[in-house]
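Reviewing the structure listed below.
Each value in this text was obtained by applying a stated rule to the coordinates, not by laboratory testing. Source: prediction; values computed, not measured. Cβ placement follows ideal geometry from the backbone for every residue including glycine, while neighbour counts extend to all protein chains displayed.
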There are 2 protein chains.
Amino acid sequence: MSEKNKEILTVGICGLGTVGGGTLSLLEQNAALITVRAGCPIRVAHVATRTPKPHLCGQVAQTSLDPLAITADPEVDVVVETMGGFDVAFEVIKRSISNGKHVVTANKALIAERGNELFALASANEVTLAFESAVGGGIPIIKALREGLAANDIEWLAGIINGTGNFILSEMSAKQSGFSEVLQQAQELGYAEADPTFDVEGIDAAHKLTIMSAIAFGIPLQFERTYTEGISGISPADISFAEELGYRIKHLGIARKTARGVEMRVHPTLVSNSRLLANVNGVGNAVMVQGNFVGSTLYSGPGAGAEATASAVVADLIDLARDRMAGVTNPVRPALGTTQADSSLDVLPIEQIEVGYYLKIPVLDKLGVMAKLSAVLQERGISIEAIIQKESENSETLPVVILTRVVREYELNAALDELAGLDEVTGPVTRIRIEPFDGEA
Amino acid sequence: MSEKNKEILTVGICGLGTVGGGTLSLLEQNAALITVRAGCPIRVAHVATRTPKPHLCGQVAQTSLDPLAITADPEVDVVVETMGGFDVAFEVIKRSISNGKHVVTANKALIAERGNELFALASANEVTLAFESAVGGGIPIIKALREGLAANDIEWLAGIINGTGNFILSEMSAKQSGFSEVLQQAQELGYAEADPTFDVEGIDAAHKLTIMSAIAFGIPLQFERTYTEGISGISPADISFAEELGYRIKHLGIARKTARGVEMRVHPTLVSNSRLLANVNGVGNAVMVQGNFVGSTLYSGPGAGAEATASAVVADLIDLARDRMAGVTNPVRPALGTTQADSSLDVLPIEQIEVGYYLKIPVLDKLGVMAKLSAVLQERGISIEAIIQKESENSETLPVVILTRVVREYELNAALDELAGLDEVTGPVTRIRIEPFDGEA
């Protein structure tokens with residue numbers, strides 16, 4: 001780089017899809033203010049795209065079909081990886097780092113599943129691997145966790161971190177519609193993929209939760225140990241029972257540090273409707289973070305989309321430009337993929353968590369059923385917080401809804417097994433966890 | 001500093017009140033994790049306090065009565081100013097900067113009213129003047145504006161930035177109580193001062209808005225041009241009429257960039273109850289920011305308190321420690337107190353803003369009144385969005401509530417003057433601005 005102008009940060013963008021295209025547009029449209037704020041211009045010198053997009057690339061010096069060409073381009077200081085996927089993206093990031101280039105990526109799946117290796121490599125090569133856009137779209141939640149809240153011992157965090165899932169639950173709630181119907185509508189609106197598994201089964205949320213947990217607790221990225229449960233089992237009846245009890249059902253990613261280990265879990269959750277988090281609707285994202293000094297703070301905004309995600313990608317680029325102008329080659333940021341925390345911080349199996357539960361139990365409409373259900377729970381020390389028992393309408397079975405107080409999950413599982421064995425219980429029990437949280441917001 | 005250990009950041013704290021004491025406690029309690037995250041230990045070497053507090057200062061090497069002693073202490077890298085007030089605090093910051101020390105301050109009044117001079121001095125001396133704790137308590141909103149959203153042209157921001165005022169309005173709403181009654185309760189709970197002017201008349205909020213506007217728009221700090229209106233004129237009737245129309249009344253600080261200039265204003269505001277901002281209750285703070293790429297994001301949390309504010313002070317210290325460990329002496333951050341924006345960005349007088357209005361007009365209960373009111377508004381091109389007219393109960397006057405569409409404020413003022421002259425209008429008209437916002441959240 002000795003021949004290069006140090007007063008410019010030059011960028012190569014691999015992949016001109018939604019995020020890559022948005023990044024290119026943003027850098028062009030807001031160029032003047034970015035130059036002022038970054039301390040130098042940020043110029044796109046090279047893009048790689050499978051399908052040429054001349055309307056986007058007018059001012060770009062070089063265009064390649066092969067993204068690997070960018071990783072070796074001596075003109076490029078920072079490689080922006082916005083291709084997505086695993087193998088090629090991994091290779092692009094690895095080669096870029098090895099060639100001494102900083103990398104900015106929006107690839108949450110790759111960071112969550114193979115990040116430990118990539119962060120170790122970045123550290124060894126003294127370059128930055130930045131990923132603000134990987135979690136929460138345009139919301140600067142990664143910066144909040146690593147910098148804004150850096151003085152705090154993070155006790156827990158909980159977030160709506162998949163816009164598709166939140167849209168579906170919001171619509172089910174607003175229109176009392178079923179999951180399949182709303183999913184189809186979301187697909188028509190472009191909010192859900194043709195194969196929605198990744199979003200509605202919580203895999204995307206688990207990627208993001210894995211990343212946030214690693215930062216918050218200083219533990220390695222452990223996607224494979226994040227518990228994941230989707231929203232396809234939620235019915236309009238569950239939503240309205242929850243509403244009647246003062247709750248909304250949200251698909252949350254939750255990470256909590258306990259004396260027994262770290263909880264990392266994605267699942268439908270009852271959230272008190274007095275909480276801001278319960279009032280985040282549509283495709284919006286929001287993350288609550290509880291620190292031991294700051295208490296509870298919340299960050300919300302658009303979790304996806306070309307423009308919002310580009311905002312986060314370019315924020316990373318501005319940080320890198322500022323580092324460069326200040327003469328920093330190796331900024332101090334908490335490493336990811338290496339344990340900073342007490343090494344005893346292991347991930348708890350889901351059976352070991354302690355929360356409250358919403359249970360919807362289909363039972364025969366006859367005398368003495370409630371007493372039997374209560375007895376099963378009571379025997380295992382499970383206290384009942386609230387019950388809804390409705391009149392049955394021309395049916396021999398009716399649902400009993402019970403909210404339990406906090407109990408360890410394996411105790412609840414044992415009680416559910418026993419309930420399933422009762423003659424009066426006519427079908428599978430619906431179980432949704434209730435997050436009490438602590439602290440305001 | 002040549003003799004000093006470069007692997008420690010040493011701090012002097014001026015003032016051991018709520019925030020200073022909280023900062024000392026935080027640095028002690030979270031010392032281990034701060035060292036890991038900052039890249040080096042952060043040690044308090046010197047404190048200045050008028051009343052000795054040995055229980056807090058056990059590990060501090062030196063204690064002074066005179067805060068100016070700290071500004072000259074060669075052991076001290078960073079001076080934390082947590083005394084508050086103007087003259088001595090200004091002198092402490094000025095001398096610290098002149099002596100080449102970085103400064104971290106929570107003093108929003110001083111930054112808003114005399115910051116231009118201090119930032120220029122810091123820039124000339126190549127030191128950092130940090131102030132995350134000056135706005136929004138523990139919420140990292142300054143970092144979000146300067147770094148997380150740095151890629152965006154900020155179009156507007158709007159915040160609940162005074163916890164006392166928000167507590168009062170929330171309680172008035174929840175209990176249908178009057179302003180004076182709730183204020184007294186807030187004073188008993190320690191949420192309001194004996195002289196509450198600073199909070200309830202919006203001066204504190206105007207300080208914070210001034211600071212956020214300067215960052216968002218790249219304009220000088222202009223506290224004297226920030227329009228300020230308090231909440232003491234809000235009645236329980238206004239709150240319930242607003243509720244009936246789908247709004248909550250919040251005391252907002254609003255900054256908006258328009259083609260005609262910048263609006264900076266603090267006043268009670270009707271906010272649609274579907275917005276998150278409308279659902280922030282109690283002493284909490286929240287700021288919405290609209291960027292041209294990110295769209296609308298929201299940041300909420302505790303806006304005051306020893307521990308939350310200390311979280312922000314120490315975040316600034318950790319940034320400084322990271323700069324130091326990375327060898328940065330003069331980090332690139334958007335300067336405050338110098339114009340980066342188009343110099344034509346002048347502050348608009350309040351008469352020039354364009355919003356909707358809630359009008360509560362006390363009128364005689366007789367035929368034809370509504371027609372007369374409508375005619376006055378219509379003549380000036382003011383469209384009516386909604387009307388509430390209640391039956392009068394054993395009284396000859398009754399309130400008519402009108403929501404107008406967006407109109408320029410001087411047109412509204414002229415219409416109000418005319419309304420005041422009507423025989424049918426029996427008393428002063430209550431006028432509350434309605435913020436439509438644009439974008440989600």
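Numerical summary
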quantity	calculated
Approximate shape of segment B:354-432 as ellipsoid semi-axes (Cα gyration tensor, √5λ), whole Å, largest first	21, 12, 11
Per residue, the convex hull volume that the Cα atoms of segment B:1-69 enclose (Å³)	90
Reciprocal of mean inverse Cα separation for segment A:149-301 (Kirkwood radius, Å)	15.7
At 7 Å out from Cα toward Cβ: B:GLY178 inter-copy label distances (nm, ascending)	5.7
The protein assembly as shown: translational diffusion in µm²/s, Stokes-Einstein, Kirkwood Rh over Cα pairs, 4 °C, 1.567 mPa s	45
Efficiency of FRET from Cβ geometry, A:ASN292 and A:ALA386, R₀ 25 Å, rounded to 0.05	0.20
Per-residue Cβ neighbour rank within 10 angstrom, fewest leading, B:THR228, A:THR105	B:THR228, A:THR105
Contact order relative to length of segment A:149-301, as percent, for alpha carbon pairs under 8 angstrom and 6 or more apart	36
Helix A:369-379 axis, angle to chain A major axis (alpha carbon atoms, nearest 10°)	60
Cβ-placed point charges (K, R +1; D, E -1), dipole of segment A:149-301 about Cα centre in debye, nearest 20	600
Neighbour-count order for A:ILE139, A:ILE402, B:ILE361, fewest beta carbons within 10 angstrom listed first	A:ILE402, B:ILE361, A:ILE139
Model label zone, B:LEU189; criterion: amide N under 20 Å from point 7 Å along Cα-to-beta-carbon; scope segment B:297-326	B:300-309
Volume of the Cα convex hull of segment B:93-162, divided per residue and given in Å³	106
Antiparallel bridge percentage (DSSP; both residues within the protein assembly as shown; nearest 5)	70
Other-chain or far-sequence residues with amide H under 5 Å of B:VAL262's (modelled H)	B:ASP346, B:VAL347, B:LEU348
Electrostatic dipole magnitude of the protein assembly as shown [Cβ: Lys, Arg +1; Asp, Glu -1; Cα centre; debye, to 20]	1640
Rounded to 5, percent antiparallel among DSSP beta bridges of chain A	70
Taking chain A and dividing mean pair separation by its residue count, relative contact order in percent (alpha carbons under 8 Å, at least six apart)	17
Cα-based equivalent ellipsoid, chain B: semi-axes from gyration tensor eigenvalues, Å	46, 23, 17
Nearest-20 debye value, segment A:1-142 charge dipole, Cβ charges on Lys, Arg, Asp, Glu	200
Rounded tilt (10° steps) of A:108-124 against the dominant C-alpha axis of chain A	50
Order of A:MET83, A:MET370, B:MET288 under a 10 Å beta carbon neighbour criterion, fewest first	A:MET370, A:MET83, B:MET288
Over segment A:1-104, relative contact order from alpha-carbon pairs under 8 Å, at least 6 apart, %	32
Relative packing of B:236-249, A:262-275, which averages over residues the other C-beta atoms within 10 Å, highest first	A:262-275, B:236-249
Of A:LYS143/B:LYS108; B:LYS175/B:LYS257; A:LYS108/B:LYS208, those spanning more than 30 Å from alpha-carbon to alpha-carbon	B:LYS175/B:LYS257; A:LYS108/B:LYS208
Label zone at B:ILE8, where the point sits 7 Å out along the Cα-to-Cβ direction: segment B:54-70 residues whose backbone N lies under 16 Å	B:58-63
3J(HN,Hα) from dihedral phi, segment B:138-154, Karplus parametrisation 6.51/-1.76/1.60, rounded to Hz, x for glycine, proline	x, 6, x, 7, 5, 4, 4, 5, 7, 10, x, 10, 4, 6, 9, 6, 7
Long-range amide H partners of B:ASP153 with built H, under 5 Å	B:ASN292, B:PHE293
Cα-based helix-to-principal-axis angle, A:409-420 vs chain A, degrees rounded to 10	40
